[in-house]
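K.L.:
My questions will all concern the structure given below.
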Amino acid sequence: MKKIPAATPEEMGIPSRAISRVIKRLERDHVPMHSLLIARHGKMVFEGYYAPYTRETLHRMFSVTKSFVSPAIGCLEKEGRISLDDPICRYFPEYVPNEVHPWIAAMTIRHMLEMKSCYSGTTYKKDSTTENWVESFFTTPPTHKSGQIFLYDTSSSHTLAALVKKLTGLGVLDYLRRRFLNSIGFSEDAYIISCLLYTSPS
């Protein structure tokens with residue numbers, strides 16, 4: 001990964017005592033930290049690691065994949081492959097029931113990015129009739145209209161990752177590496193744990 005130029009906190013307009021207060025607060029509240037990095041105006045003003053982690057340590061992070069899915073979808077839109085207001089059903093007709101619920105039919109990519117889908121929870125934990133997590137997104141009964149309620153949801157992000165794979169033939173990270181991650185020095189060692197995303201129906 002590219003090294004960000006360093007500067008003192010004061011050079012970037014941050015009092016060192018403010019950073020010290022943050023660190024003491026984290027320790028006081030027993031927050032299980034791995035690292036703390038603070039940058040401003042393109043300069044690294046603080047970089048610290050908590051044992052056993054170091055600058056070179058790889059460790060598992062949960063839900064961070066959602067932060068990569070969103071720019072991947074943005075890149076697809078910029079390429080003209082999708083519109084954020086497209087219904088997601090348009091891209092997975094093989095999984096959409098013949099009599100699809102109108103709330104599912106009306107759900108857009110934008111709704112999913114905003115975590116305002118028509119579901120009150122993770123769909124692949126509710127539909128026991130299929131092991132395909134993408135399919136379960138279209139077969140689980142909805143609980144409300146999309147675009148109305150924010151509910152933290154893994155299923156939407158998972159289905160959008162499957163959309164990236166279906167349209168590009170690449171996983172989210174591989175697609176983003178070609179778009180911009182490689183050019184900014186993103187770690188070559190980073191990876192996303194594989195699961196059942198999209199496979200062409202036989």
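K.L.:
Test each condition in (1) assigned to a loop (DSSP other than H, G, I, E, B); (2) exposed (fewer than 12 other Cβ atoms within 10 Å of the Cβ); (3) among the basic types (Lys, Arg) for LYS24 and report the one that comes out false.
P.N.:
For LYS24, the failing item is (1).
K.L.:
Please work out if GLU94 is over 19 Å from PHE150 (Cα atoms), part of a helix (DSSP H, G or I) and out of contact with any Gly (no Cβ under 9 Å at 6 or more places or on another chain).
P.N.:
It is false that GLU94 is over 19 Å from PHE150 (Cα atoms), part of a helix (DSSP H, G or I) and out of contact with any Gly (no Cβ under 9 Å at 6 or more places or on another chain).
K.L.:
If I ask for residues that are open to solvent by less than 10 Å² (accessible area, probe 1.4 Å) and over 16 Å from the mean Cα position of the chain (by Cα), which ones from region 149-168 would you list?
P.N.:
Of everything in region 149-168, nothing turns out to be open to solvent by less than 10 Å² (accessible area, probe 1.4 Å) and over 16 Å from the mean Cα position of the chain (by Cα).
K.L.:
Out of (1) in contact with a helix residue (DSSP H, G or I) (Cβ under 7 Å, 6 or more places away or on another chain); (2) surrounded by fewer than 19 Cβ atoms within 10 Å (Cβ to Cβ), what's the single condition that is false for LEU176?
P.N.:
Of (1) in contact with a helix residue (DSSP H, G or I) (Cβ under 7 Å, 6 or more places away or on another chain); (2) surrounded by fewer than 19 Cβ atoms within 10 Å (Cβ to Cβ), only one is false for LEU176: (2).
K.L.:
Is at least one residue of region 34-56 within 27 Å of HIS158 (Cα to Cα), at pLDDT below 95, within 24 Å of the chain's Cα centre (by Cα) and open to solvent by 50 Å² or more (accessible area, probe 1.4 Å)?
P.N.:
The answer is yes, given that some residue of region 34-56 is within 27 Å of HIS158 (Cα to Cα), at pLDDT below 95, within 24 Å of the chain's Cα centre (by Cα) and open to solvent by 50 Å² or more (accessible area, probe 1.4 Å).
K.L.:
Looking at region 129-145, which of its residues are open to solvent by 50 Å² or more (accessible area, probe 1.4 Å) and hydrophobic (A, V, I, L, M, F, W, C)?
P.N.:
TRP133
K.L.:
Restricting attention to region 57-66, which residues are open to solvent by 60 Å² or more (accessible area, probe 1.4 Å) and hydrophobic (A, V, I, L, M, F, W, C)?
P.N.:
LEU58, MET61, PHE62
K.L.:
Can we say VAL96 is on the phi < 0 side of the Ramachandran plot, among the β-branched types (Val, Ile, Thr) and open to solvent by less than 20 Å² (accessible area, probe 1.4 Å)? Break it down into steps so the answer makes sense when it comes.
P.N.:
Working: on the phi < 0 side of the Ramachandran plot: yes; among the β-branched types (Val, Ile, Thr): yes; open to solvent by less than 20 Å² (accessible area, probe 1.4 Å): no.
No.
K.L.:
Spot the failing condition for GLY185; the list is (1) in contact (Cβ under 8 Å) with a residue 24 or more places away in the chain; (2) buried (at least 20 other Cβ atoms within 10 Å of the Cβ), and only one is missed.
P.N.:
Result: GLY185 fails condition (2) only.
K.L.:
Confirm whether GLY171 is touching a residue at least 24 places away in the same chain (Cβ under 8 Å) and crowded, with 18+ Cβ neighbours inside 10 Å.
P.N.:
yes
K.L.:
Within region 96-116, does at least one residue satisfy the condition of being of a type in the set (Lys, Arg) and either in contact with a His (Cβ under 6 Å, 6 or more places away or on another chain) or farther than 22 Å from LEU170 by Cα (or both)?
P.N.:
Among the residues of region 96-116, at least one is of a type in the set (Lys, Arg) and either in contact with a His (Cβ under 6 Å, 6 or more places away or on another chain) or farther than 22 Å from LEU170 by Cα (or both), which makes the answer yes.
K.L.:
Something else: Tally up the residues in region 108-128 that are among the polar types (S, T, N, Q) and surrounded by fewer than 18 Cβ atoms within 10 Å (Cβ to Cβ), please. Quick ask: steps written out before the conclusion?
P.N.:
First, the residues of region 108-128 that are among the polar types (S, T, N, Q): 108, 117, 120, 122-123, 128.
Remaining after also requiring surrounded by fewer than 18 Cβ atoms within 10 Å (Cβ to Cβ): 120, 128.
The total comes to 2.
The values are calculated or read from the model by the stated rules, or taken from the named source; none is laboratory data. For clarity, every value in this text was computed on a predicted model and none was experimentally measured. Here the Cβ is made from the backbone with ideal geometry for all residues, glycine too, and neighbour counts use every protein chain on show. Calculation scope for accessible area: heavy atoms of the full protein, side chains included, ligands and nucleic acids excluded. Shrake-Rupley method; radii C 1.70, N 1.55, O 1.52, S 1.80 Å.
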